[in-house]
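J.: First, the structure itself, so that you have it in front of you.
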Amino acid sequence: MTFGIHPKTGRLHLGKWSVAMPRSRVGRIIIGVLLIVGGVLGFLPILGFWMVPLGLLVLSQDLPFVRRQRRRLTVWWANRRRDRQARRGGTTRP
């Protein structure tokens, strides 16, 4: 599964789903910020807390600080999965 914005197509990939994103850096930043603000209001109908990680994923395309944090989280999660698999005695997948 892939997560993130594809550099050549400019589409946001979320596993098997793909959504077109604006080519403009400002447009992507606005969408990312709006998703985060909508996610903070997740207790309201229609909006949801799922919007916060999606907004951060969109922002990670253009903001280096968010990109570094996303990369750290990705590495941490992969190491955690590998360690859990090793403790269970199972095989690890790359």
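J.: Can you run down the residue pairs with Cβ atoms below 6 Å, 6 or more apart or on separate chains, where the first is in region 70-94 and closer than 23 Å to ILE5 by Cβ and basic (Lys, Arg) and the partner is surrounded by 12 or more Cβ atoms within 10 Å (Cβ to Cβ) and modelled with pLDDT under 90?
T.: Close Cβ pairs (under 6 Å, with a partner that is surrounded by 12 or more Cβ atoms within 10 Å (Cβ to Cβ) and modelled with pLDDT under 90) amount to ARG70/SER60.
J.: For region 1-16, name all the residues that are farther than 15 Å from LEU59 by Cα and either more than 13 Å from the chain's Cα centre (by Cα) or acidic (Asp, Glu) (or both).
T.: Our first condition is that a residue be farther than 15 Å from LEU59 by Cα; within region 1-16, this holds for 1-2, 8-9, 15-16.
If the condition is that a residue be farther than 15 Å from LEU59 by Cα and either more than 13 Å from the chain's Cα centre (by Cα) or acidic (Asp, Glu) (or both), then LYS8, THR9, LYS16 are the ones that fit.
J.: Which residue out of ARG72, ARG87 is of a type in the set (Lys, Arg), under 16 Å from the mean Cα position of the chain (by Cα) and surrounded by fewer than 11 Cβ atoms within 10 Å (Cβ to Cβ)? Can you show your working first?
T.: Details: ARG87 fails: under 16 Å from the mean Cα position of the chain (by Cα).
Matching residue, one of ARG72, ARG87: ARG72.
J.: Based on what the data block shows, is GLY89 touching a Gly at 6+ places or on another chain (Cβ under 8 Å) and not hydroxyl-bearing (Ser, Thr, Tyr)?
T.: Details: touching a Gly at 6+ places or on another chain (Cβ under 8 Å): no; not hydroxyl-bearing (Ser, Thr, Tyr): yes.
Here the answer is no, as GLY89 does not meet what is asked.
J.: What are the pairs with Cβ atoms under 8 angstrom where one residue, in region 35-48, is farther than 21 Å from MET21 by Cα and the other, located anywhere, is outside any loop (DSSP other than H, G, I, E, B)? Sequence gap at least six, or different chains.
T.: Once the first residue is farther than 21 Å from MET21 by Cα and sits in region 35-48, its partners that are outside any loop (DSSP other than H, G, I, E, B) give VAL40/VAL52; GLY42/MET51; GLY42/VAL52.
The values are calculated or read from the model by the stated rules, or taken from the named source; none is laboratory data. Note that this is a predicted model, so its numbers are computed, not measured. Cβ sites come from the backbone with ideal geometry, for glycine too, and all protein chains shown count toward neighbours.
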